[in-house]
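**Student:** This is the structure I want to talk about, given as structure tokens.
The values are calculated or read from the model by the stated rules, or taken from the named source; none is laboratory data. Only a predicted model underlies this, so the values are computations on that prediction, with no experimental measurement involved. No Cβ is skipped: glycine too gets one built from the backbone with ideal geometry, and neighbour counts run over all protein chains shown.
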Amino acid sequence: MEAWLKSALHYIPEWLDFQMQLTEQPGCVVAIASKGRLVLEKAFGVANIVTGQKLTPRHRFRVASHSKTFTAAAVLRLCEKEMLRLDDPAGLYIDGLHPTIAETRISQLLSHSAGIVRDGNDAGYWRNRRPFLNAKELRTELRDPLILEPSSQFKYSNHAFGLLGLIIESVTGEAYCECVKRLIVDGSKLGETLPDTPVPPTVPIAQGHSRKLPLGYRVIIPGDDPTNALAPATGFLATAADLSLFFSTLDPDAKRSILTRSSRKEMTRIHWKNHSEYEERYYGLGTMIGKTGHWDWFGHMGAFPGFLTRTVAVPQRNISVSVITNAVDGPSSIWSDAILYILQKFEERGAPKAKTKKWEGRWWDLWNTLDFVAMGDRVLVTDPSLQVPFRDASEITLTGRDKGKISAAPGLKNFGENARLIRGPTGLARTAWLGGTKLSTKQRAASDLKKKYES
């Protein structure tokens, strides 16, 4: 493992731990794979806020639309077996569809360009007001006409992936869940992934949670509903480890994969732009595609009642990151982007030198929490509450033992001033100074607040 990556993997859990405290999320699991091997796996918080059960990396989460990537992989695998083709019309395999839907191509279904309705006429299953559609109900809704002309623009559709599930069943003669488990889950050696509920009683499942508003507190959303005919769109349960490993195998240059290189390239190339005013995002075949900092990635996110999850794979670095949370406001997308920023910064600056590593630590005062993070021959000063780590970070260049100068900083900070550490008898730093600002340990900062203000 590269030295910079090892250093980044040390800081990422520290940053996430602070974010968990700051946002008061119930639970989160992060997993990172590098070159097809798991290099970080860490759980934070609880699986259930009522019982206080500690969350572990082995807990399964509802990972929702990650299911689309598994479905797409199954379709591409069947294409490799010459059991279907991407340009086949849906009506070739499924009877009773509206004529306009029958003419849509499998590639259009996979890329959300078929023009099919997103969630039908009553999407109450996303609010736990009704069960997810069964096959008969889905077929009935697919008798309605298209919403848009096919291949006119990107239009996300869970019904389209439900239709893909029906096609998989028609082609293989197997139930969707059985087929995809055999072809993709077992084929990829994923031991902690299931296509839908119910699950064996021995399998630990994280409970989902609401946001705090409007009640002022969170309630449990079990998230154990079977998704029936919409399992191809949203049914899957998995661990962060399995997700990071699976998506790493979809990299066109991966050494091990259930799919051929040409299939992986087709899945992960841009097919359509996802129109957004604020960010550039694209879609492949069952994969989301984007850019964070200067790294291109593909992956997917998932939103299920009680859960928000996201996985991204960076082909040029052979790295994949999965962040799964068990609350409807879990910032999995923000945190996975933040982890990419952390990785990029460590790659850019390199692993710390022995002298700068001695400056690492977290410091507190009335206004801020600041992390001293050693990279190369500098110490970066960053606020761990930021959603973009190291944004506007100051830099300390060491000038002696426990002494330095702030050699880079935004104009409102302490550029050009001195920095220093004061150590106790045991050699541990107990105070830090940035210019004229004194910073303390968390324990000392908390004690000072109590003395000054609780009286």
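**Student:** Taking segment 410-455 as the region of interest, how many residues are touching a strand residue (DSSP E or B) at 6+ places or on another chain (Cβ under 8 Å), within 23 Å of S394 (Cα to Cα) and either hydrophobic (A, V, I, L, M, F, W, C) or part of a loop (DSSP other than H, G, I, E, B) (or both)?
**Tutor:** Total satisfying the criteria: 17.
**Student:** I would also like to ask the following. Would you tally the residues in segment 117-134 being touching a residue at least 24 places away in the same chain (Cβ under 8 Å) and either not acidic (D, E) or not assigned by TED's automatic domain parsing to the domain that holds I101 (or both)?
**Tutor:** So the count comes out to 11.
**Student:** Here's a follow-up. Could you check segment 209-249 and list, in sequence order, the residues that are surrounded by fewer than 20 Cβ atoms within 10 Å (Cβ to Cβ) and in contact with a strand residue (DSSP E or B) (Cβ under 8 Å, 6 or more places away or on another chain)?
**Tutor:** Within segment 209-249, S210, V219, I220, P222, D224 qualify.
A quick yes/no check of all residues on (1) surrounded by fewer than 20 Cβ atoms within 10 Å (Cβ to Cβ); (2) touching a helix residue (DSSP H, G or I) at 6+ places or on another chain (Cβ under 8 Å); (3) under 18 Å from S113 (Cα atoms):
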{"site": "L40", "(1), (2), (3)": "no, yes, no"}
{"site": "V50", "(1), (2), (3)": "yes, no, no"}
{"site": "K54", "(1), (2), (3)": "yes, no, no"}
{"site": "R58", "(1), (2), (3)": "yes, no, no"}
{"site": "S65", "(1), (2), (3)": "no, yes, yes"}
{"site": "T69", "(1), (2), (3)": "no, yes, yes"}
{"site": "V75", "(1), (2), (3)": "no, yes, yes"}
{"site": "K81", "(1), (2), (3)": "yes, no, no"}
{"site": "L84", "(1), (2), (3)": "yes, yes, no"}
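**Student:** Whether any residue in segment 403-416 is closer than 30 Å to M1 by Cβ, crowded, with 17+ Cβ neighbours inside 10 Å and under 28 Å from the mean Cα position of the chain (by Cα) is what I want to check.
**Tutor:** The answer is no, given that none of the residues of segment 403-416 is closer than 30 Å to M1 by Cβ, crowded, with 17+ Cβ neighbours inside 10 Å and under 28 Å from the mean Cα position of the chain (by Cα).
**Student:** Something else now. Among the residues of segment 135-153, is any more than 28 Å from R77 (Cα to Cα), among the charged types (D, E, K, R) and either assigned by TED's automatic domain parsing to the domain that holds N274 or under 25 Å from the mean Cα position of the chain (by Cα) (or both)?
**Tutor:** no
**Student:** Kindly check whether there is at least one residue in segment 154-163 that is under 29 Å from Y282 (Cα atoms), surrounded by 20 or more Cβ atoms within 10 Å (Cβ to Cβ), in contact with a strand residue (DSSP E or B) (Cβ under 6 Å, 6 or more places away or on another chain) and small (G, A, S).
**Tutor:** Taking every residue of segment 154-163 in turn, none turns out to be under 29 Å from Y282 (Cα atoms), surrounded by 20 or more Cβ atoms within 10 Å (Cβ to Cβ), in contact with a strand residue (DSSP E or B) (Cβ under 6 Å, 6 or more places away or on another chain) and small (G, A, S).
**Student:** Report yes if V328 is in contact with a helix residue (DSSP H, G or I) (Cβ under 7 Å, 6 or more places away or on another chain) and either outside the structural domain of D392 (by TED's automatic domain parsing) or in a strand (DSSP E or B) (or both), otherwise no. Steps first, answer last, please.
**Tutor:** Details: in contact with a helix residue (DSSP H, G or I) (Cβ under 7 Å, 6 or more places away or on another chain): no; either outside the structural domain of D392 (by TED's automatic domain parsing) or in a strand (DSSP E or B) (or both): yes.
When the stated conditions are applied, V328 does not pass them.
**Student:** Quick check: anything in segment 333-342 buried (at least 16 other Cβ atoms within 10 Å of the Cβ), in contact with an Asp or Glu (Cβ under 7 Å, 6 or more places away or on another chain) and of a type outside the set (D, E, K, R)?
**Tutor:** Checked segment 333-342: no residue is buried (at least 16 other Cβ atoms within 10 Å of the Cβ), in contact with an Asp or Glu (Cβ under 7 Å, 6 or more places away or on another chain) and of a type outside the set (D, E, K, R).
**Student:** Evaluate the following for A114: is it of a type in the set (A, V, I, L, M, F, W, C), in contact (Cβ under 8 Å) with a residue 60 or more places away in the chain and either crowded, with 20+ Cβ neighbours inside 10 Å or in contact with a helix residue (DSSP H, G or I) (Cβ under 6 Å, 6 or more places away or on another chain) (or both)? Steps first, answer last, please.
**Tutor:** Details: of a type in the set (A, V, I, L, M, F, W, C): yes; in contact (Cβ under 8 Å) with a residue 60 or more places away in the chain: no; either crowded, with 20+ Cβ neighbours inside 10 Å or in contact with a helix residue (DSSP H, G or I) (Cβ under 6 Å, 6 or more places away or on another chain) (or both): yes.
When the stated conditions are applied, A114 does not pass them.
**Student:** Within segment 7-25, does at least one residue satisfy the condition of being surrounded by fewer than 24 Cβ atoms within 10 Å (Cβ to Cβ), charged (D, E, K, R) and touching a helix residue (DSSP H, G or I) at 6+ places or on another chain (Cβ under 9 Å)?
**Tutor:** The answer is no; no qualifying residue exists.
**Student:** Something else about it: If we keep just the residues of segment 410-428 that are at pLDDT 95 or above and hydrophobic (A, V, I, L, M, F, W, C), which is farthest from T356 (Cα to Cα)?
**Tutor:** Only one residue fits best here, namely F415.
**Student:** Taking L213, is it free of Cβ contacts under 8 Å to residues at least 40 places away in the same chain, in the same structural domain as T311 (by TED's automatic domain parsing), of a type in the set (A, V, I, L, M, F, W, C) and part of a loop (DSSP other than H, G, I, E, B)?
**Tutor:** Numbers: free of Cβ contacts under 8 Å to residues at least 40 places away in the same chain: yes; in the same structural domain as T311 (by TED's automatic domain parsing): yes; of a type in the set (A, V, I, L, M, F, W, C): yes; part of a loop (DSSP other than H, G, I, E, B): yes.
Considered against the rule, which asks whether it is free of Cβ contacts under 8 Å to residues at least 40 places away in the same chain, in the same structural domain as T311 (by TED's automatic domain parsing), of a type in the set (A, V, I, L, M, F, W, C) and part of a loop (DSSP other than H, G, I, E, B), L213 comes out as yes.
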